[in-house]
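A.B. asks: One structure is given below, represented as C-alpha cells, and several questions about it will come after.
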Amino acid sequence: MAGTDDAVAAGDDALYVLTAVLLTPAKFPSVLGDDYPEACATLGLAPLADGYGLVLGQDGAGARWTVIIDDVSLVAVAIASWDCGMEYELSPDEGTVVSALPGWPLALSVSAPGVPDPHDPEHDPEIMDGPPLTPPNTETWGPAQRRLGADEIALQWASWREQIDDSAFLTDDVGDVGGASGAEEPDGTNADGPDADTTAPTTTDSDATATATATASGSDTEAQSTRAPHAGIRRVLAEVRAYVDSPPPLGRVRSAFASGDARTLRADGPGWSMVARTDDIAFVLLDDEPGEVLPVGRGPELPGLLEALDKMAVRPS
C-alpha cells in the first residue's frame, strides 16, 4: 500500500496516493472485464500493448480519483516494493498521465489522513464525461462478482482445494471434460437421478462448498445448496477448448506463477470464469449459478487441455 505522502497531479490538485494496480494484457482488475481490451474500453482507453498503471487516491478535498499513467514499469516497481513491506514514493511525471477519472473502480478500505472522508467529486461536465467509477455491488451476483470470486480462488488456491475430497470424483471417468454431476442428496442418491449422464460430483458436502462460494464472491447473502449444472460445465469447457484453436481476445487466458513447476491458469468468457492449476483440477463459476463454485476433476482430458491453454496464455513479463 502506498504512503499518503506520495502525490501525483490530478487536474489542479495533488492526489494523495493510496494504492495502484496494473492494467496490462497479463494482469488487470478483473472487475473491469473478461479480457484486456474490454477492461480498457471500460475506462475509455485504447488497448496499448504495454498497458497502463492505475493510481488510486484522494485529492485535497477528499474526492476519489483514478489517475491513469502509461509508465507501467514505475507502477510495477511500486507494487512490488509495497508487497515486500518497503516504502516507495509513487510520483509519476505529469507527462505520463493519460487521464484522470473520478471515482475508484475498486473498493478500498483506507483513506488519506488530514483530508475529508473519501467521496465522489462533484460533477464537472468540463472534465467528466460520465458518472464516477464505482466498485461492483457485492450484494448482487453478476459478471463482476463472478470474476472477483475467481480472483479469490486463484489467490487462495490451497484453501479452496482442501475443501475438495478427491474420492468424491468417480474413478472410472473422473475429470472427463464433459462436466460434473449433481451434488449428492442427504440419502446418498444423486440429485440428477439414477440415469443422469454424469462424471464427477462437485463435493461430498455441497452445503459447505456453497457457503464458501458466497464468501469468495463478496456476497453476504445466505448460500443455497444446489446441484452442479453439468451442462453448464460442458459448455464452458467446450468454449475453453475452442480458445486453443482460435485465440480469444488478449487476456482471456492468463498464466501466472504457482508452487513448484505448476502454473495457475485463468480463463474467462461470456458468463463464466475458470481457475485451474496445470498440475491439478479446475474450478468453474457461472453467471447463472450465483455463488456456486464447481470443481472439475483432473481425469484423462483435463491435463492436456490445461497444457495447451498454458502454451497460448498471456504471461507476466
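Taken together, the values in this text are just the output of simple stated rules run on the coordinates, not laboratory data. None of these values were measured; they are calculated from a predicted model. Backbone-built Cβ (ideal geometry, glycine too); neighbour counts: all protein chains shown.
A.B. asks: In region 15-104, which GluC sites (Glu not before Pro) are in a loop and have at most 15 other Cβ atoms within 10 Å, using DSSP for the loop call? Write out the running numbers ahead of the final one.
C.D. replies: On the way: sites: Glu38, Glu87, Glu89, Glu94; in loops: Glu87, Glu89.
Passing sites in region 15-104 are Glu87, Glu89.
A.B. asks: Moving to a separate point now. Taking amide H positions as placed in the peptide plane 1.01 Å from N, state which residues far from Thr66 in sequence (5 or more) or on other chains have amide H under 5 Å from it.
C.D. replies: HN-HN under 5 Å from Thr66: Leu101, Gly103.
A.B. asks: Could you tell me the center-to-center distance, by alpha carbons, between region 102-159 and region 265-311 in angstrom?
C.D. replies: The distance from the Cα centre of region 102-159 to that of region 265-311 comes to 26 Å.
A.B. asks: Based on the Kirkwood radius over alpha-carbon pairs, what value in µm²/s does the Stokes-Einstein equation return for the translational diffusion coefficient of region 7-102 at 10 °C and 1.306 mPa s?
C.D. replies: The calculation lands on 118 µm²/s.
A.B. asks: I've got another one for you. Please give me the summed charge of the neighbours of Gly95: other residues whose Cβ is under 13 Å from its Cβ, Lys and Arg +1, Asp and Glu -1. Please report the intermediate quantities before stating the final value.
C.D. replies: On the way: positive: none; negative: Asp70, Asp71, Asp93, Glu94.
Surrounding charge for Gly95 is -4.
A.B. asks: At a Förster radius of 22 Å, what calculated FRET efficiency corresponds to the Cβ-Cβ distance of Ala107 and Asp279, to the nearest 0.05? Spell out each step's value before the answer.
C.D. replies: Details: r = 33 Å, r/R0 = 1.49.
Efficiency for this residue pair is about 0.10.
A.B. asks: Could you check the spin-label model distance between Gln156 and Asp117? Points 7 Å from the Cα along Cα→Cβ, value in nm.
C.D. replies: About 2.7 nm separates the two model spin labels.
A.B. asks: Given R₀ = 45 Å, what would the calculated FRET efficiency be for Met86 paired with Asn137, taking r from the Cβ atoms and rounding to 0.05?
C.D. replies: Details: r = 34 Å, r/R0 = 0.76.
The value I calculate is 0.85.
A.B. asks: Show the residues, 5+ positions off or on another chain, whose built amide H is closer than 5 Å to the amide H of Ala14.
C.D. replies: Counting only residues 5 or more places away or on other chains, the set is Gly60.
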